[in-house]
Structure formats: C-alpha cells, structure tokens
Amino acid sequence: MAGTAYYQPPRKSEVKDEKIDIFALGVVFIEMLCRCDTAMERISMLKDLQSGKISPEIRRNIRAEGHDPGIEDQVIRLLLAMINEDPEQRWSGSQVREALRDLLSKCDS
C-alpha cells in the first residue's frame, strides 16, 4: 500500500459519503500534529491509523503547546472519531465542525 491508500478508511462502506473524506481529513490533521523524521516513521504512523491507533507523541505535542487542561483530551477524542474504522461510528462533517469550533474558541481565550 502506498500513496493515497493510507488516506482511505480501512472499512469502506458501499455508500460513498462524507465519512470517507472525514477519515482522510483526520489523517491529514494527525500528520500536522505528529512529526515524523523519516519516511519509515511516517509509514508506520499511517499503518497504525488504519487500525485506529494514534501516536502518543500527539498528546505530548499538544501538552507542550501549553493549552488549558482538557484541550488535549478533546483533540484526541476528535482525532479518534475522525479515523474510526467503523463508518457508522465515524463523525460526520457537522460533528467535526462543531468540535473544531469548540476547540478553537477555547484556544483563543
């Protein structure tokens, strides 16, 4: 598997809906939060995402930014909901938008 295959959800439904794109958006969001120094680290991280696992480095990176308590857990919850391998459990676009609005409002203050 190479290229954009890692941005596709592991369990594809017959219905082509926004949740396929939500998975890809979640992968991009995680790539923004988790630095990979080598191509092998990136491939390993992308493989883990296919099974719903995110790097502990993401928590450390969020914590290092100095956000209020609770932001870290909200971000992790959002990420896990976006990359959930079950399309029925994966969040919709409106759920992601609301979660992001809530996070951004807390980070602005």
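Structure notes:
- Relative contact order computed over segment 22-105 (Cα-Cα under 8 Å; 6+ residues apart), in percent: 39 percent
- Candidate values [x] 17.1, 54; [y] 14.0, 43; [z] 16.2, 58, label of the one derived for Rg and Dmax of the Cα atoms in Å: [y]
- Segment D73-E31, extension gain: residue separation times 0.36 nm, minus the distance between their alpha carbons: 13.4 nm
- FRET efficiency for the R63 to E41 pair, using the beta carbon distance and R₀ = 22 Å, is estimated at 0.65.
- Taking Cα centre as origin and charging only the Cβ of basic (Lys, Arg, +1) and acidic (Asp, Glu, -1) residues, the dipole magnitude of the chain rounds to 160 debye.
Each value in this text was obtained by applying a stated rule to the coordinates, not by laboratory testing. Predicted, not measured: the structure shown is a model, and the values here were computed from it. Neighbour counts run over all protein chains shown; Cβ positions are idealised from the backbone, glycine included.
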